[in-house]
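The values are calculated or read from the model by the stated rules, or taken from the named source; none is laboratory data. As the structure is a prediction and not an experimental result, all values here were calculated from the model. All Cβ positions, even for glycine, are placed from backbone atoms using ideal geometry, and neighbour counts span all protein chains on display.
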Amino acid sequence: MSSATVERHDAAHSDTPILTLDDVGKSYGNVHALRGVSLNVRQGEVTCVLGDNGAGKSTLIKIISGLHEHTDGTMTLDGVECRFPSPRAAQASGIATVYQDLALAPLMSVWRNFFLGNEIHKGLFRTLDIARMKRICDEELAKMGIIIPDLDRPVGGLSGGQRQCIAIARAIYFGARVIILDEPTAALGVKQSGVVLRYIVKARDAGLGVIFITHNPHHAHLVGNHFVILKLGRVVLDAHRDELTLEQLTTEMAGGQELAELSHELRGADPGKVVTPAEVEHGQVEAPARPQEEEPSA
């Protein structure tokens, strides 16, 4: 085990968060995309951030990755307050983001994508050191358990799970200490999602702090150490793995109170009812009856 790996594993045993958000908010004029969000990310842990569309997950990613600056609260890295003016500044501080679209060039080879923007040169004329880049790429992918016999193969010919894993391995190699994964399993089937989830665990075991953005509580519960649920820009749940079950996580993610109210509203509906097909003319469909409000007691 290399000294770098040893240092990462030592860091993983620390209870001190590497990245902390304290009451962070983001406003776009009069629109509040995030309000009072607090988050602790520790190395050697997977922090799952869940939420439906519009919950504020994308805004949170943009703040941590340096695309946008927060308008309220504080963000600290290694105990020092910080604001990242650009994604490159965040990367230089050890925060890497793997977006859903991966930022990979599908027609380029595996090794070219691995070193895209960070190519290794040699000699007086600064020619590409292709042999060295291929060797490093092969070694780093092997560490993650990814075997690709032909590194000259275009990335576009690989499976979605393999592409995600290449992006993760690339982030680790180039010094990421915190890696943000934006819905990595959203467009994948069960088998390919399993591949990605295994590599998320490998990244955690390498000592990285992993922020796993997802709307799938089942995937989150398989790998997560800590869970945060966002709703309309606010934190509605913040719990450690020991504090909730998959059923509780799923219920909270589905909107427990809203789901109970909907169930109450539809209690008279017959889900097994089959209606005879008929032509429906304009204006024939009646609006559902509104639930009667209780009269105030005298």
Completion exercise
segment 183-298: helices (runs of 4 or more DSSP H) wholly inside it with 1 or more residues that are aliphatic (A, V, I, L, M), out of contact with any Phe, Trp or Tyr (no Cβ under 7 Å at 6 or more places or on another chain) and at pLDDT below 90 are 190-205, 246-254, 256-265
Exercise for the section: Would you confirm whether any residue within segment 135-142 is within 24 Å of the chain's Cα centre (by Cα) and of a type in the set (Gly, Ala, Ser)? Expected result: yes
Fill in the blank from the handout: Among (1) outside any helix (DSSP H, G or I); (2) modelled with pLDDT of 90 or more; (3) over 29 Å from Ala254 (Cα atoms); (4) under 20 Å from the mean Cα position of the chain (by Cα), Thr74 falls short only on (4)
Problem - Criterion violated by Phe125 - all others in (1) within 23 Å of Arg198 (Cβ to Cβ); (2) assigned to a loop (DSSP other than H, G, I, E, B) satisfied - result: (1)
Completion exercise
From the option list Arg132, Arg170, Arg112, single residue qualifying as under 22 Å from Gly66 (Cα atoms), assigned to a helix (DSSP H, G or I), among the basic types (Lys, Arg) and without any contact (Cβ under 8 Å) to a residue 60 or more places away in the chain is Arg170
Practice task
Would you check if Ala176 is in contact with a helix residue (DSSP H, G or I) (Cβ under 9 Å, 6 or more places away or on another chain), in a loop (DSSP other than H, G, I, E, B) and buried (at least 20 other Cβ atoms within 10 Å of the Cβ)?
Solution key: yes
Practice task
Tally the residues that are hydrophobic (A, V, I, L, M, F, W, C) and closer than 20 Å to Leu237 by Cα, restricting the search to segment 202-219.
Solution key: 4
Completion exercise
If you go through Leu104, Leu67, the only one that is at pLDDT 90 or above and not in a helix (DSSP H, G or I) is Leu67
Practice task
Take Thr71 and decide whether it is surrounded by fewer than 19 Cβ atoms within 10 Å (Cβ to Cβ), touching a Gly at 6+ places or on another chain (Cβ under 9 Å), over 16 Å from Ala176 (Cβ atoms) and touching a residue at least 40 places away in the same chain (Cβ under 8 Å).
Solution key: yes
Completion exercise
Restricted to segment 29-45 and to residues being out of contact with any helix residue (DSSP H, G or I) (no Cβ under 9 Å at 6 or more places or on another chain) and assigned to a strand (DSSP E or B), the residue surrounded by the fewest Cβ atoms within 10 Å (Cβ to Cβ) is Val31
